[in-house]
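Inspection log for the structure reproduced underneath, given as structure tokens.
The values are calculated or read from the model by the stated rules, or taken from the named source; none is laboratory data. Keep in mind that this is a model prediction, so the values were computed, not measured. Cβ sites come from the backbone with ideal geometry, for glycine too, and all protein chains shown count toward neighbours.
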Amino acid sequence: MKFFIAVALAVLAFNIQASAQDNPPLEGQDLGVYVLTRYYRAQGGDALMKGIMSSRLIGEISFADGSGSFPFRFFKRRPDLMRFEFGLSVEETWVTAVTEEVVWKGVRHGGDWLNTEIISDPTQRLHLSLEAEFDNPLWTLREQRRTAAISVDPANPRIYLATVTPRDTHAEDIRIEMKIDARDFLERERKLTLPDGSVIVVKYGDYQQIDGLPVPFKTETLVDGKPVSTVELTEAALNIGTLKVFFDLPK
């Protein structure tokens, strides 16, 4: 279960909320250009997005299997560093982190580490590395000057589907599908298909403005069609000045 804890967190996307969009693309206008232009504009443009260097999310995660609800803290920092703290008690705090060199996990008791372990399983490493990417897939796509497959959801004409592959450093057989609301260009759902065939779906809701950015304060995660967890944020902050050493494997 702990492998999927960060699923509901790291993929929280930061998007600037656009005004309601009721007009379809102009006749003859390329759908992909139309959707991506609106999407990037909705995030505030290059200067705003590149100015975000770190983030911190605080809240509670509830598990669908009835095992309970627990507090968490989740940190990200450029370039693609991640640390997730779960439990947050004096007795036991679980930590999972991604650095530029290693992916690791550990258990902390008070100020002491009971154990730490480098994650070597390829699927887990790949999954956590994807989660640690600071920019969402469509923004990375823009930076690499690549395109995405854009279409209208056949089940809902007010939803655009954006299908992308991760950056070049990851396996090509990973598939990411994002559902973008045609009315405000906020992301409502993301589906990640991993090389082993497992499918992770995260649904976003309750967007709130944080320093001009709408952040989804509620997410629901499903794995292979089964509900796994629900995350509700109580606090979100940007550019918190987290040092790189905070993410490193304890010595």
Selected residue (criterion: surrounded by the fewest Cβ atoms within 10 Å (Cβ to Cβ)) from residues of segment 179-233 that are within 21 Å of GLY66 (Cα to Cα) and among the acidic types (Asp, Glu): ASP224
Output for segment 213-233, where each listed residue is within 16 Å of GLY59 (Cβ to Cβ) and of a type in the set (Lys, Arg): LYS218
Among (1) in contact (Cβ under 8 Å) with a residue 24 or more places away in the chain; (2) not in a strand (DSSP E or B) - the single one ILE200 does not satisfy: (2)
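The rows are residues; the columns are (1) over 18 Å from GLU117 (Cβ atoms); (2) at pLDDT 90 or above.
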site: GLY45; (1), (2): yes, no
site: GLY51; (1), (2): yes, no
site: SER54; (1), (2): yes, yes
site: ILE58; (1), (2): yes, yes
site: LEU88; (1), (2): yes, no
site: GLU92; (1), (2): no, no
site: THR96; (1), (2): no, yes
What pairs can you find where one residue is in segment 52-75 and touching a residue at least 24 places away in the same chain (Cβ under 8 Å), the other is not polar (S, T, N, Q) and not in a strand (DSSP E or B), and their Cβ atoms are less than 6 Å apart, with a gap of 6+ or different chains? MET53/ARG78; SER54/ILE240; ARG56/ILE240; PHE74/LEU9
Of everything in segment 203-222, what is hydrophobic (A, V, I, L, M, F, W, C) and modelled with pLDDT of 95 or more? Give them in sequence order. PHE217, LEU222
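Conditions tested, residue by residue: (1) of a type in the set (S, T, N, Q); (2) in a strand (DSSP E or B); (3) in contact (Cβ under 8 Å) with a residue 60 or more places away in the chain.
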position	(1), (2), (3)
ARG190	no, yes, yes
ASP196	no, no, yes
PRO227	no, yes, yes
THR230	yes, yes, yes
THR234	yes, yes, yes
ALA237	no, yes, yes
ILE240	no, no, yes
LEU249	no, no, yes
Across segment 158-178, the tally of residues that are exposed (fewer than 15 other Cβ atoms within 10 Å of the Cβ) and modelled with pLDDT of 90 or more stands at 1
In this structure, does GLU60 turn out to be part of a helix (DSSP H, G or I), within 27 Å of LYS191 (Cβ to Cβ) and not aliphatic (A, V, I, L, M)? no
